[in-house]
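Peer 1: This structure is in structure tokens; I'll ask about it shortly.
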Amino acid sequence: MVRLVAFLVGLFFSGMLLLGLGDTVITAIKEPAVPSVEAEFHEETLPVSFAHDGPLGKYDRGQLQRGLKVYSEVCAACHSLKLVSFRDFAALGYSEEQVKALAKAWKTEVPSINPETGEPATRPAIPADKIPSPFANEVAARAANNNALPPDLSLITKAREGGPAYVYSLLLGYRDQAGYKSEEGKELLKEFPEAATPAGLHFNPWFANLNIAMAAPIVSDDQVTYDDGTKATKEQMARDVSAFLTWAAEPKMENRKSAGWAALGFLLVFTVLAWMSYKTIWADKKH
């Protein structure tokens, strides 16, 4: 009797689930979802490649140094890099003295305490310091950026789908909304007049909701001057800073790839030895 009741209860709930599923399918067919403006006009990442791509890729130290220059002169005015220390820049090919000079010349000084008065103060950075935030706190950051909080860039390439390609696309993705068309030829403001970019925001179809609070940071060629003489085009600067932010998020990536190849080599040798041992031990046995 108990089994029969349990079977009937289970049958009832299964029937209700099937009924609900059928109703959902019928509703979806009769009233299909209206595509959103984001789904229609959000762009895929631009085609770009980096030296560190792929299982054998390695960082281009020259590119990382150029990317650091773009970050320090363009991005650091708003975005922090709180998980990176100045001494980490030695991995980019800088000497100890160069690292000290970079830290000392950094535009934002490190918060400190005046030892004589006990009052808040600032001091030049030293290699052991983390990259200082350009703002004292979140309130100050929002006040300076139309109430938008600039994200920390330490892990940005790991936190966004597309990684460095996303950063590259976003930096170069600012467009004039008037007359903007999708790949299918649909004109944004004609199809979705309510999607006009609000005041204080900027149209960028590579951003999730198409409108971003950050104004275009890279606006012209030669915005920075590279020490190695590389031409600082907008595309070059975007590519270099994207590579640098990848290094900031994964400074040990090359070691990880090397360890992975070593592990694969070990497993390959172990597999061959195991197979040879099997053939030797079981050679005279019938299977």
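The values are calculated or read from the model by the stated rules, or taken from the named source; none is laboratory data. As the structure is a prediction and not an experimental result, all values here were calculated from the model. Backbone-built Cβ (ideal geometry, glycine too); neighbour counts: all protein chains shown. Surface accessibility is based on the protein's heavy atoms, side chains included, excluding ligands, DNA and RNA. Shrake-Rupley method; radii C 1.70, N 1.55, O 1.52, S 1.80 Å.
Peer 1: Given the DSSP H assignment, sum -39500 (n - 2.57) over each helix run of at least 4 residues in the chain and divide by its residue total; what's the result at 222 nm in deg cm²/dmol, nearest 500?
Peer 2: After summing the helix terms and dividing by the residues of the chain, the value is -13500 deg cm²/dmol.
Peer 1: Turning to a different aspect of this structure: Please go through the residue pairs 58/186; 58/279; 130/257; 100/252 and name each one whose alpha carbons sit more than 29 Å apart in this structure.
Peer 2: The pairs that break the limit, which is 29 Å between Cα atoms, are 58/186; 58/279.
Peer 1: Among 57-68, 137-148, how do they line up from the highest to the lowest mean number of other beta-carbon atoms within 10 Å? Mind dumping the intermediate values first?
Peer 2: On the way: 57-68: 19.4, 137-148: 12.8.
Result, highest mean first: 57-68, 137-148.
Peer 1: Here's a follow-up. Find how many whole Å separate the alpha carbon centroid of the range 70-101 from the alpha carbon centroid of the range 188-257.
Peer 2: Cα centroid to Cα centroid, the span is 19 Å.
Peer 1: Let me ask something else. Evaluate the distance, in nm, between pseudo-label points positioned 7 Å from the Cα of residue 43 and of residue 61 along their respective Cα→Cβ axes.
Peer 2: My value for the distance between the label points is 3.5 nm.
Peer 1: Something else now. Cβ under 15 Å from residue 47's Cβ, residue 47 left aside: what net charge do those residues give with Lys, Arg +1 and Asp, Glu -1?
Peer 2: -4
Peer 1: Still on this structure, I have one more. Using a 1.4 Å probe and counting only protein heavy atoms, arrange 257, 181, 252 so the residue with the most accessible area comes first.
Peer 2: Order by accessible area, largest first: 252, 181, 257.
Peer 1: Determine the share of the chain's accessible area contributed by carbon and sulfur atoms, expressed in whole percent, with a 1.4 angstrom probe.
Peer 2: The computed percentage sits at 61.
Peer 1: Okay, moving on. Give me the dipole magnitude in Debye, nearest 20, for the chain about the Cα centre, with unit charges on the beta carbon: positive for Lys and Arg, negative for Asp and Glu.
Peer 2: Rounded to the nearest 20 debye, it is 1220 debye.
Peer 1: To continue, here is another question. Output the DSSP H helices from the chain with an along-axis C-alpha extent of no less than 27 Å and a mean Kyte-Doolittle hydropathy no less than 1.0. List each step's numbers first, then the result.
Peer 2: On the way: long enough: 2-30 (42 Å, 1.74); 253-281 (41 Å, 0.64).
Helices passing the filter in the chain: 2-30.
Peer 1: Using heavy-atom solvent-accessible surface (probe 1.4 Å) with all chains present, what is the largest-first order of 282, 247, 106?
Peer 2: Largest accessible area first, the list is 282, 106, 247.
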